[in-house]
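To start, the structure itself, in C-alpha cells.
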Amino acid sequence: MTSNVVLTTGLALILIGMWGLLTHRNILRIIIAFSVMGTGTHIMTVAIGYVTNGTAPIIDRALNLSEAPVRAVDPIPSALVVTAIVIGLAVTAVMLAYAIRLYQSKKTLSIDAFTESKW
Amino acid sequence: MVSSFLHPLNIFIVGLGGGFLIPLLSRLGKRWVAIAFILSIAAMTLISGFSFLILLQGGPPIDILTGGSTPPYSINLRLGLAEAVFAFGVNLVALFGSAYFVREKYGTMVLYLLVVMGIQGMVMTRDLFNLFVFLEIVSIATYGLLSLQETPAALSATFKYLMATILASTFFLIGTVLLYGATGVLNIDDLIAKSGLIVGPIGFTGLMFLLACLLLELKPFPANGWGLDVYETAHSGVAALISGGVSAGVFFALIKVLPLFKPQLDLIAALGATTFVFSNLLGLQQTKARRLLGYSSIGQMGLLTLAAALLEQSSADEAAFLVIAGLFVNHLFAKVGLFWLAGYLGKERLQDWSALVGPPAAIFVFGILLAALCGFPPFPGFWAKWQLVMNLAASQRYIWIVIVLFGSLLEAAYLFRWFGQILQSSGKTDRLSRSSVALLPIFAMALLLATSGCVAAFLMGLTLWTSIPLIAGLILYLLDRVSGRTKCFGVLALTLVGGI
C-alpha cells in the first residue's frame, strides 16, 4: 500500500512547481519552479514504491523469502528516483548555464527583455 | 563473427565509446578527433544497415536482453523491421550531416554522437523508464548543440525549447511512475498486455501525462512556437537533426505506446489533423525560409500522428508500416536536405534563395526536395499518402481523406509558390561564393529520396507509371523554348494517355 501522505505531498509540489512556471517571468524563479516540480515527481516516485510498516528489500534474518512480497519496500521506484535525480541535476545545470548566457546578453533575467520571439 | 561485431547492441557501445574517445584524441590533434567522430557514426550506420538488410530478407526481430534475464526482470531492446527503418534512416542522415560538424570543437562532436545514439535508444528500447532516460540523453545533448549559436534570439529560443522539453519529460516521468503504480510493470509489451489494470484515477492520470509528453514533444498546433523559433535560429545542421532525427525518436516512442491509448485514438488523430492543416495554413504567410521549413516539419509530424492513430484504429499493421515508414523516410531526407541547403545558402528571406539559380544542379536538387515534400511521385511520400488514402477509403472515413488532401494542397501551394518566386527573381541577388562540395550531402538526400521511392513502389506492387507527371514536368522544362500552345497540347495528350 502506498503512502497517501507522501503521495499527496509529491503531487502538491508538482502543482506548486507548475503554478510557479506559469506565474513568474524571472528566469531564475522559473528554474526554481522546475526544481520544485522535479522534487515533487521524485517524492511521488518514492511514495509509489512505499509499503506501510515495510522494511528494506534485503532478504536476511529480518525478512525471509516468503514475507518479502508483502513486507519489502518495492526497490524499483527507488532505483528510478536515483536516475531521475541525476538527470534532474544535469537539466538544472544546463538551465542555469543558459540563464547566465541570457543575463550576459541583455543584463537582465526577465523574460520580457527577450523580445526577439514571442513567449 | 561478423554478426557479433554488427550486433545492434554495439550501436550503444560505439556511441558511448566514441564519446569517451574523442576528448582523449583531441590531445593528439583535430584530425584524429574528426576521424574518430566520422568512424563512430559510420560504424553505427553500418550496424543498423546490416540489421536492416537481414530483417528485410525476413529475419526475425533482434531482441537484446540486459543481464541475461527476460522482462520484467530486465530491460529489453528490440530491433524489428520498423525500428531498423527508423534507426538506419537517422544514422544515414547523421553520417552525411557529420560533414557540417567536422570543423567544430570536439565537445560539439561528442554531443552530436550522443544525440544520434540516444535516438537509436528511443527507437529500440521496450522499457518505459529506459525510454525516459534516452529521451533525456537526446534532450540534454540537444541543449548543448543549440548553444552553437550565441545571438540573443538563438539564446531565448533555446531557453524556450528547454522549458517546453523539460516540462514534457517531467510529464513523461510522472506518467511512467503512475503507470508503474497501477500495473507494477515498466515493460511496454507487458503494459499493453496488462492495459486492463490501467483503471481508476492513478492509471488514467498516468496515461494522460504520458500522452501529453509525447504530443507536446511533437510540437502540436498552437503550442509550437518554441519549436519554430529553434528551427529558425539554430545552426542549420542542428535544426536538421531536431527536425528529422529527434522528432523521429519521439514519434517512434508514440507508436510504441499507441496501443495503450485505444479510447483516445480519435483525439490523437484530431490533434494530428489540426496540426497538419493549421501549420500548413500558417506556412502560407511565412517570409523566412527556415521558419517556413519549421512549419512544414511540424505539419508533417501532425500528418504522421494522424496516420498512426487512424491506422491503429483499423488494425491495419502492414498498411501502417508502409504509410508510416514512407512518410517518415520522405520527410527525413527532404527536410534534412532543405535545412542543410538553408545553412549552405545562409539566406533568410524566401526570395533570396534565388541565388540557387546559378548552379543548375543546385536548383535541380532543390526542386527534387520540394517535390518529395509535397508528396509527388515517384518519392516515398506519394506512395505512403496513396496507401493511407486507400486505407481510409476502404473503411469509409472520407472526412479524414479530405483533411489529408487539403493539408497536402496547402503545403504544395506554399512550397511551389516559393519555387516560382525563386525562378522569377533570379539574377537579382548575389551569386553563391561557397564551394559546391558542401552540396554533396544534399545531393545524397535527393538520391536517397529517389531510391527509397523506387523501393516503396516495388514494395507496394505499383509501377513507376504514376510518376509520369514529374517526368512530364521535366520534359516541359527542357522544352521551355517551344510555344505555349504546343506545350498545352503535349500536357493534354499526356493526361489522356495517363488516364487511359
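If you take the residues in the stretch B:180-225 that are assigned to a helix (DSSP H, G or I) and among the polar types (S, T, N, Q), which one is farthest from the other protein chains (Cβ to nearest Cβ)? Write out each step before concluding.
Start the filter on the stretch B:180-225 by keeping residues that are assigned to a helix (DSSP H, G or I), which leaves B:180-183, B:188-193, B:195-197, B:200-217, B:225.
From what's left, among the polar types (S, T, N, Q): B:183, B:195, B:205.
Details: B:T183: 11, B:S195: 19, B:T205: 9 Å.
Here the residue is B:S195.
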Quiz item: Quick one: which of A:S105, A:S110, A:S78 is at the interface with chain B (Cβ under 9 Å from one of its Cβ atoms), among the polar types (S, T, N, Q) and either farther than 30 Å from B:N130 by Cα or touching a helix residue (DSSP H, G or I) at 6+ places or on another chain (Cβ under 7 Å) (or both)?
Solution: A:S105
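If the requirement is being among the polar types (S, T, N, Q), under 27 Å from the mean Cα position of the chain (by Cα) and closer than 19 Å to A:V6 by Cβ, which of these qualifies: B:T170, B:T205?
B:T170
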Exercise. Report, by residue number, each residue of the stretch B:104-151 that is part of a loop (DSSP other than H, G, I, E, B) and free of Cβ contacts under 8 Å to residues at least 60 places away in the same chain.
Key: B:E104, B:K105, B:S147, B:E150
Practice problem: Please specify each residue of the stretch B:39-76 satisfying the condition of being aliphatic (A, V, I, L, M), under 21 Å from the mean Cα position of the chain (by Cα) and within 30 Å of A:L80 (Cβ to Cβ). | Solution: B:M44, B:I47
Quiz item: Of all residues in the stretch B:30-75, which are of a type in the set (G, A, S) and free of Cβ contacts under 8 Å to residues at least 24 places away in the same chain?
Solution: B:A36, B:G58, B:G59, B:G67, B:G68, B:S69, B:S74
Exercise. All but one of (1) of a type outside the set (A, V, I, L, M, F, W, C); (2) more than 20 Å from B:L282 (Cα to Cα); (3) at pLDDT 90 or above hold for B:P377, so report the exception by its number.
Key: (3)
Practice problem: Only residues that are in contact with a helix residue (DSSP H, G or I) (Cβ under 9 Å, 6 or more places away or on another chain) and more than 10 Å from chain B (Cβ to nearest Cβ): list them for the stretch A:90-102, please. | Solution: A:L96
Exercise. Might you let me know whether the stretch B:112-133 holds any residue that is over 23 Å from B:I174 (Cβ atoms) and over 22 Å from the mean Cα position of the chain (by Cα)?
Key: no
Quiz item: In this structure, is A:I59 of a type in the set (A, V, I, L, M, F, W, C), within 13 Å of chain B (Cβ to nearest Cβ) and over 12 Å from the mean Cα position of the chain (by Cα)?
Solution: no
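If you check B:T274 against the conditions, is it in contact (Cβ under 8 Å) with a residue 40 or more places away in the chain, over 23 Å from B:I192 (Cβ atoms) and surrounded by fewer than 19 Cβ atoms within 10 Å (Cβ to Cβ)? Break it down into steps so the answer makes sense when it comes.
On the way: in contact (Cβ under 8 Å) with a residue 40 or more places away in the chain: yes; over 23 Å from B:I192 (Cβ atoms): yes; surrounded by fewer than 19 Cβ atoms within 10 Å (Cβ to Cβ): yes.
In short, yes.
Per-residue answers, yes or no, for (1) at pLDDT 95 or above; (2) touching a Ser or Thr at 6+ places or on another chain (Cβ under 7 Å); (3) at positive phi; (4) of a type outside the set (S, T, N, Q):
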site	(1), (2), (3), (4)
B:G97	no, no, no, yes
B:A154	no, yes, no, yes
B:Y161	no, no, no, yes
B:S169	no, yes, no, no
Practice problem: Report yes if B:I64 is touching a Pro at 6+ places or on another chain (Cβ under 7 Å) and closer than 22 Å to B:V115 by Cβ, otherwise no. | Solution: yes
Quiz item: Here are some residues: B:L228, B:L241, B:L265. Which one is in a helix (DSSP H, G or I), hydrophobic (A, V, I, L, M, F, W, C) and within 20 Å of B:L179 (Cβ to Cβ)?
Solution: B:L265
Exercise. For B:S74, state whether it is of a type in the set (S, T, Y), surrounded by 21 or more Cβ atoms within 10 Å (Cβ to Cβ) and under 20 Å from B:I13 (Cβ atoms).
Key: no
Quiz item: Being within 11 Å of chain A (Cβ to nearest Cβ) and either more than 23 Å from B:V85 (Cβ to Cβ) or among the basic types (K, R) (or both), is that true of even one residue in the stretch B:116-132?
Solution: yes
Quiz item: Which one of B:L28, B:L6 is in the same structural domain as B:I119 (by TED's automatic domain parsing), surrounded by 13 or more Cβ atoms within 10 Å (Cβ to Cβ), modelled with pLDDT under 95 and not charged (D, E, K, R)?
Solution: B:L6
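Step by step: first the residues of the stretch B:170-179, then only those that are touching a Phe, Trp or Tyr at 6+ places or on another chain (Cβ under 7 Å) and more than 7 Å from chain A (Cβ to nearest Cβ), then the one that is nearest to B:A253 (Cα to Cα). Which residue is that? Before you say what the answer is, go through the steps one by one.
Step one: list which residues in the stretch B:170-179 are touching a Phe, Trp or Tyr at 6+ places or on another chain (Cβ under 7 Å), which gives B:171-176, B:178.
In the following step, the residues that additionally are more than 7 Å from chain A (Cβ to nearest Cβ) were identified as B:171-172, B:175-176, B:178.
On the way: B:F171: 14, B:F172: 11, B:G175: 14, B:T176: 13, B:L178: 18 Å.
Of everything passing the filter in the stretch B:170-179, B:F172 is nearest to B:A253 (Cα to Cα).
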Exercise. Count, please, the residues in the stretch A:54-70 that happen to be surrounded by 15 or more Cβ atoms within 10 Å (Cβ to Cβ) and out of contact with any Asp or Glu (no Cβ under 8 Å at 6 or more places or on another chain).
Key: 2
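Just for the stretch A:71-84: of the residues that are in contact with a strand residue (DSSP E or B) (Cβ under 9 Å, 6 or more places away or on another chain) and outside any helix (DSSP H, G or I), which one is surrounded by the most Cβ atoms within 10 Å (Cβ to Cβ)? Quick ask: steps written out before the conclusion?
Step one: filter the stretch A:71-84 for residues in contact with a strand residue (DSSP E or B) (Cβ under 9 Å, 6 or more places away or on another chain), giving A:71-73.
So of that shortlist, the ones also outside any helix (DSSP H, G or I) come out as A:72-73.
Working: A:A72: 17, A:V73: 15.
Checking each candidate, the answer is A:A72.
So how many residues does the stretch A:96-119 have that are aliphatic (A, V, I, L, M) and closer than 17 Å to B:A234 by Cα?
From the stretch A:96-119, those aliphatic (A, V, I, L, M) are A:96-97, A:99-100, A:102, A:109, A:111, A:113; that's our starting set.
Applying the additional criterion that residues be closer than 17 Å to B:A234 by Cα yields A:102.
Number of matching residues: 1.
The rows are residues; the columns are (1) in contact with a strand residue (DSSP E or B) (Cβ under 6 Å, 6 or more places away or on another chain); (2) more than 9 Å from chain B (Cβ to nearest Cβ); (3) outside any loop (DSSP other than H, G, I, E, B).
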{"position": "A:I14", "(1), (2), (3)": "no, no, yes"}
{"position": "A:L21", "(1), (2), (3)": "no, no, yes"}
{"position": "A:I32", "(1), (2), (3)": "no, yes, yes"}
{"position": "A:M44", "(1), (2), (3)": "no, no, yes"}
{"position": "A:I48", "(1), (2), (3)": "no, no, yes"}
{"position": "A:N64", "(1), (2), (3)": "no, yes, no"}
{"position": "A:P69", "(1), (2), (3)": "no, yes, yes"}
{"position": "A:V86", "(1), (2), (3)": "no, yes, yes"}
Quiz item: Do we have any residue at all in the stretch B:22-34 that's within 15 Å of B:G121 (Cβ to Cβ) and either assigned to a strand (DSSP E or B) or among the small types (G, A, S) (or both)?
Solution: no
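Looking at B:Y112, B:Y100, B:Y106, which is the one that is assigned by TED's automatic domain parsing to the domain that holds B:G15 and touching a Pro at 6+ places or on another chain (Cβ under 7 Å)? Even if it seems obvious, please write down each step before you answer.
Values: B:Y112 fails: touching a Pro at 6+ places or on another chain (Cβ under 7 Å); B:Y100 fails: touching a Pro at 6+ places or on another chain (Cβ under 7 Å).
One residue alone meets the criteria, B:Y106.
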Quiz item: Looking at B:L462, B:L474, B:L479, which is the one that is out of contact with any His (no Cβ under 9 Å at 6 or more places or on another chain), closer than 22 Å to B:I368 by Cβ and modelled with pLDDT under 70?
Solution: B:L462
Quiz item: So which residues in the stretch B:1-55 are closer than 20 Å to B:I119 by Cβ and among the aromatic types (F, W, Y), if there are any at all?
Solution: B:F12, B:F20, B:F37, B:F50, B:F52
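Have a look at A:V51, A:V46 and point out the one that is surrounded by fewer than 18 Cβ atoms within 10 Å (Cβ to Cβ) and not polar (S, T, N, Q).
Values: A:V46 fails: surrounded by fewer than 18 Cβ atoms within 10 Å (Cβ to Cβ).
After applying the criteria, what remains is A:V51.
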Quiz item: Tell me, which residue of the stretch B:133-151 that is facing chain A (nearest Cβ under 9 Å) and small (G, A, S) is farthest from B:L79 (Cα to Cα)?
Solution: B:S147
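The values are calculated or read from the model by the stated rules, or taken from the named source; none is laboratory data. Because the structure is a prediction, the values reported are computed rather than measured. Counting neighbours? That spans all protein chains shown, and the Cβs are built from the backbone with ideal geometry, glycine included.
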